[in-house]
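A short worksheet on the structure shown next.
Read the figures in this text as sums done on the coordinates, not as results from a lab. Not measured: the values here are computed from a predicted model.
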Amino acid sequence: MTLPPDKPNFPSKAITYSMESLRCLLLEKENVINEKQAIIDDRQNAIDRHSEIIQSQKSRMAFLEDQLHLQKIKQLSASSEKNPHQLSLFNEAEEVEEQQVEPEPEDNPKKKKTSGRKGLNPDILRIQQRIELSETEKDGTIETYFVKVKEELDIVPAQVQVIEIMQEKAVFLSEAKERKLLSA
């Protein structure tokens, strides 16, 4: 839209600015810019500090992960490995061949483990069941005795008892004067 040539291109009220008022506006604008630049600088400093903290935490995490890895190796391998250089067998086989370490003689001889299980608590009420030989099986015996064959734990509500199964055994003398054993 074009204006007719007889009318001017500016508003009806002419705004006139003096040099002094323009300087004041320019100073205000510079102050706002300086304030915003100070805020930007503060935030950049905060970002730099946080970046340093993050970097130090990353390096500490890496250190702790290495320590954890070494501790796991020590925990899982030390008790089962006889030779302290055995960990490096898979990685450095040539070095281990050169370092042939003689095993130290053991001061304590290995103790033999006892086999079998422990009996039941002797304070528990016991009931004996006997397996006896028949009278015909006992004919000609020198002596008879009972041997505990097994123990069973019998738990009746509000009562605990051990049932001992006893087996009778008989000893015979053979014609060659040797003792023979017969079990019921």
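A few points about this structure:
- Using a cut-off of 24 Å between Cα atoms, the listed pairs Lys150/Lys177; Lys148/Lys177; Lys148/Lys180; Lys118/Lys148 include Lys150/Lys177; Lys148/Lys177 as exceeding that distance.
- Phi angles of the stretch 55-62 translate, via the Karplus equation with coefficients 6.51, -1.76, 1.60 and θ = phi - 60°, into HN-Hα couplings of 5, 5, 5, 5, 5, 5, 4, 4 Hz per residue; Gly and Pro are given as x.
- Under the Karplus curve 6.51 cos²θ - 1.76 cosθ + 1.60, θ = phi - 60°, whole-Hz ³J(HN,Hα) for the stretch 128-144, x wherever Gly or Pro sits: 9, 10, 10, 9, 9, 6, 6, 4, 6, 6, 7, 4, x, 7, 7, 8, 10
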